[in-house]
Amino acid sequence: MNNAVLSGVIASPPQLRYTHDGKSISEFLLSFQNASKSAAFKQIKCVGFGKLAELIAQLDPDQAVVLVGSINITNNGVKTKVTEFKINALDVVSTPLSINSISLVGRAGRDPEVKYFESGTSKTSCSLAVRRTADQTDWFDLEAWDRKAEVMSNYVRKGGLIGINGQLKFEEWTDKQTNELRSKPVILVTELELLGSKKEQEQEDF
């Protein structure tokens, strides 16, 4: 499962194009509130298809919208991930809403890694594989804090089936070799559910 709802402002003029077989595709950048302590605004590429693409092409920059769809993450090289929001439905609103929600069901790609801080807080990181199609998988980086971090570190193991609710954020850093600014999508986990049996987890092979 891969369901997402995101609200924000259209940050670039929608671009409408057609495939060789006549299918319409519209793309634009959405400025949304990042799920981080700074709550800074970030941008994500959004894509719509078919009749929805025709509707998107008529929208203007700075228009506030609410998008319903899924987050797709494609590896484009060793250090680069291309993140897209595939739009299934769209609502135009008068002002941006504080909506940043994503629900995923998939299997842990590795055992969780936990870090403890002098302040007493803890953070656990893990990867999650979510099937997009029979031959395509979206890989998400998960981040959980405090009590949820403890649950993730204690009970989630590689191959385990889990469901999460969370918020999308982008982490940024400067590449020490190239001095270029890089970013990656991270899901800040707000709810975690352990799914499947231990036997199923052991039999699953990535």
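Numbers at a glance
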| item | result |
| --- | --- |
| Test: THR95 is modelled with pLDDT under 95 and assigned to a strand (DSSP E or B) | no |
| Some residue of region 52-75 being of a type in the set (D, E, K, R), assigned to a strand (DSSP E or B) and at negative phi | no |
| Residue in region 76-96 that is crowded, with 16+ Cβ neighbours inside 10 Å, among the polar types (S, T, N, Q), in contact (Cβ under 8 Å) with a residue 40 or more places away in the chain and more than 23 Å from ILE25 (Cβ to Cβ) present | no |
| Of all residues in region 1-33 being at pLDDT 95 or above and β-branched (Val, Ile, Thr), the one that is surrounded by the fewest Cβ atoms within 10 Å (Cβ to Cβ) | VAL5 |
| Flag if SER125 is modelled with pLDDT of 95 or more, under 27 Å from PHE41 (Cβ atoms) and either surrounded by fewer than 16 Cβ atoms within 10 Å (Cβ to Cβ) or under 19 Å from the mean Cα position of the chain (by Cα) (or both) | yes |
| Test: residue in region 115-128 that is of a type in the set (S, T, N, Q) and touching a Lys or Arg at 6+ places or on another chain (Cβ under 6 Å) | yes |
| Which numbered condition SER36 fails, given (1) farther than 29 Å from GLY159 by Cα; (2) modelled with pLDDT under 95; (3) touching a Lys or Arg at 6+ places or on another chain (Cβ under 7 Å) | (1) |
| Test: VAL9 is farther than 24 Å from ALA144 by Cα, part of a strand (DSSP E or B) and of a type in the set (Val, Ile, Thr) | yes |
| Members of region 16-48 found to be more than 18 Å from the chain's Cα centre (by Cα), in a strand (DSSP E or B) and under 24 Å from LEU181 (Cβ atoms), listed by number | none |
| Residue list for region 108-149, restricted to those being touching a Leu at 6+ places or on another chain (Cβ under 9 Å) and under 11 Å from ILE73 (Cα atoms) | VAL130, ASP138, TRP139, PHE140, ASP141 |
| Test set (1) touching a Ser or Thr at 6+ places or on another chain (Cβ under 6 Å); (2) among the basic types (Lys, Arg); (3) free of Cβ contacts under 8 Å to residues at least 12 places away in the same chain - ARG17 fails condition number | (1) |
| Filter result for ARG110 (part of a loop (DSSP other than H, G, I, E, B), outside the structural domain of GLN43 (by TED's automatic domain parsing), in contact with a helix residue (DSSP H, G or I) (Cβ under 8 Å, 6 or more places away or on another chain) and on the phi < 0 side of the Ramachandran plot) | no |
| Flag for SER183 being surrounded by fewer than 19 Cβ atoms within 10 Å (Cβ to Cβ), modelled with pLDDT under 85 and under 20 Å from the mean Cα position of the chain (by Cα) | yes |
| Positions within region 5-27 being among the β-branched types (Val, Ile, Thr) and closer than 23 Å to ILE187 by Cα, in sequence order | VAL5, VAL9, ILE10 |
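The values are calculated or read from the model by the stated rules, or taken from the named source; none is laboratory data. Keep in mind it's a predicted model, so treat the numbers as computed, not measured. Cβ atoms come from the backbone with ideal geometry, glycine included; neighbour counts cover every protein chain shown.
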